[in-house]
Structures are given as C-alpha cells and as structure tokens.
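The values are calculated or read from the model by the stated rules, or taken from the named source; none is laboratory data. Computed from a prediction, not measured in an experiment: that's the story for all the values here. Ideal geometry is used to build each Cβ from the backbone, glycine not excepted, and the neighbour counts take in all protein chains shown. Note: accessible area is taken over every heavy atom of the protein model, side chains too, but ligands, DNA and RNA are not part of it. Shrake-Rupley method; radii C 1.70, N 1.55, O 1.52, S 1.80 Å.
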Amino acid sequence: MLLIISDHGDDSVHAVLSKLRERGVPTLWWDEADYPEASTLTTSYRDGRWRQTLTYRGEEHDLSRVTAVWHRRPGRPSAPAVRDPSQREFAEHVAGHALAGAYDLMTRARWMPARPAHLQAIDNKLLHLYRAVQLGFTVVDTVVTNDPAELVPAWTRAGGRLITKALSFRTFTLDGEYGHLYTTPVPRRRLSGRHRLRYAASMLQPNVPKAYELRVTVVGERVFAARIDSQASRLTTVDWRHYGDPKVGYSAYDLPAEVAERCVRLVAELGLSFGALDLIVTPDGRYVFLELNVDGQWAFIETLTGLPIADAIAGWLTTPTGYEEPTDVH
C-alpha cells in the first residue's frame, strides 16, 4: 500500500493519483490535519511485535503494509472540538509527537522526498548553497545577516543591483491581508531604513543578469528541466513566481549532462528523493544556482510543458528500487 500525506485540495496529488490508478496500486490519501479530530493512530508493542494502525473514515489501515510514503504538503494536526485554546494547543502538540514517532517506526517504507524529521533538519537555503558550491555549481556572492551595517557594503559591491530574499516561506498579515515575501530589489532609498534588518535576518545577493530561468525537477535519478522566459515581461524579471503573465513562456529544456548530474547529486546528497531547483542562465551562457525547494510545486510545469513528472513520481513510489526505466528523458 502507498500512503500519500497531503492537503486534500492538493492538485499535484490528483495528477499522480491518476497514474497510480493506471498501475492498480492500493493507495491511501490522508492529511495530518485529519488527526486527531477525524482519525485515530495506535502504535503498540505487544507479544514481541510493534503494530501501527491508522483508522480513517471507518477503515483500519495497517501501516506495516506501507511500502512507500509521499509526504507532500499536509496540514497541521488539528483538534477544533477542544474549545479551550491552551488545551487545544496541547492536544495538537501531542499529536505532532505521536506522528513523528509513528513515522520513525515505519522503517520498511521509502519516503518522498524524505522523512519529515529529516526534511526539517535540511530545509535550509544556506545549507543548500553550501552543498551546491561543493558540487561545483556557480553560486553568486551571498550574505545572510541581521546586521544593518552589512546592507550598504553589500549594495555597493552589487553596484546598486542588490536583491533580498526571505530565508523561508511564511505568511504574515499586513493591513489585515495575508502575504509573503518574494525576491525584491533594494533601491538606494531603502538603505535609510536598514535598521529594520535587525529584526529579520535576510539573504542579500547581487541581481544576476538573466537570459532566462530554469525550474529543474528531480525525481530519484530523473531530471525534468523547464525553461521560463521570465525576461519577456517587466513584471517577472526579478521573481517569476510573483505574477502570472501570458507573455512568459514555458517549454521543455535540454539541460547539459554535467548540470543535470549536479542537480541529481545535490538532491541525493541532501538525503532527498525529490527536489525542485531554480537556476538562472545568464546572457553569456552560465548556469547559476539559486535555490532548492524540497517540496516545490511542479504540476504547473507539467501542464505547461508536457514533461511527465507525475508519471515519474508514480513510478518512484511503485518501484521497489525507487527507479523506473524512463520513457522520456529531458
């Protein structure tokens, strides 16, 4: 049995489920947000045996039968029926610990992209940059700091073409509306407010000239590269994720073998079976590593380019070695 752990509205899961049905593989789609309110999890040691049972929607599932887990983008454990806020927080906190222990005991299952505890340990942009340098990727000069005195020197070194990035994705509220930070240029006028850097460490890098950008999706040993013509629109020149613009084209891309190999090695050496990498291709043809997303979005890439990423994920989940002979190589 395959276990998919993700929000029930996840379009990426729907894309892979159709491929799994074609293979006739028993699959359970479950969300951590359904625990403890809408499901029960029992882990026990009796008569010299460990047993784990997940009960969901009236059915019992023996977790020892799970051969592979796709831990995609689940919600948080939820106990809304507990009315007292502090008691509800306690219940949800305990649920998280119970899940972590249960996952650690699922030793026979393979995990995509990795076990949650490992993901939490390695999901760090600085670590990814460090490993990318070790593997020979081109990486731009980078400063991560909360020291306001570092901002002006970084801006000067970049010739006034400095950008800033958040170290992790996290929503916040501004004037009552939810938002999050994209890659943002730092104009000269912003230097006067550099004291604010003290309270939120940021990544500072020069704004590298781009011919176009690449989203490279790695599934096991398979590589799917998509070209993103981000410079075709003024809105997407700095961060193509910020706006949807029909001027921006997406197409399958033949990545040079040595760059593809580095992508696979970076994902593998971080202990992952999946990764979505963002690269820049400069006007003079250099491939510059930006970042790696451990559970990055890919369904839109498949829709826009036809790259068979869902099929590759289904193949990894259903093949004991995690590797399926590709029918299409990019």
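At a glance:
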| item | result |
| --- | --- |
| Among 186-194, 227-235, 286-294, the order from most to least packed when residues are scored by Cβ within 10 Å on average | 286-294, 227-235, 186-194 |
| Size of the range 191-315 as Cα extents on the principal axes (Å, biggest first) | 53, 35, 27 |
| Signed unit charges on C-beta, dipole axis of the chain, positive-most listed residue VAL139, ALA95, GLY296 | VAL139 |
| For the range 81-158, projected area of the alpha-carbon convex hull averaged over all directions, nm² | 9.9 nm² |
| The range 131-163 and the range 253-301: distance between their alpha carbon centers, rounded to Å | 20 Å |
| Average accessible surface area per residue within the chain, 1.4 Å rolling probe, Å² | 53 Å² |
| Cut-off under 5 Å, modelled amide H: who pairs with ARG110 long-range | ALA68, VAL69 |
| Using alpha carbons only: equivalent-ellipsoid semi-axes of the range 65-203, gyration tensor based, whole Å | 37, 24, 11 |
| Degrees between helix 309-318 axis and first principal axis of the chain (Cα, 0 to 90, nearest 10) | 40 degrees |
| Rh by Kirkwood over Cα pairs, then Stokes-Einstein D for the range 1-134 at 0.692 mPa s and 37 °C, µm²/s | 201 µm²/s |
| Straight-distance crosslink candidates among aspartates and glutamates, where the alpha carbon sits under 16 Å from LYS247 and sequence neighbours closer than 8 are dropped | GLU213, ASP229, ASP239 |
| Within the accessible area of the range 258-311 (1.4 Å probe), percent carbon and sulfur | 49 percent |
| Identified option (computed P(r) over Cα pairs in 10 Å bins from 0, in percent; candidates (1) 5, 22, 30, 24, 14, 4, 0, 0; (2) 5, 24, 30, 22, 11, 5, 2, 0, 0; (3) 6, 24, 33, 26, 10, 2, 0) | (1) |
| Positive dipole terminus of the range 181-252, leading residue within MET203, GLY249, VAL238 (C-beta point charges) | MET203 |
| Accessible surface of the range 29-83, 1.4 Å probe, proportion on carbon and sulfur as whole % | 45 percent |
| Helix-derived mean residue ellipticity, 222 nm - over the chain, DSSP H n ≥ 4, -39500 (n - 2.57), to 500 | -8000 deg cm²/dmol |
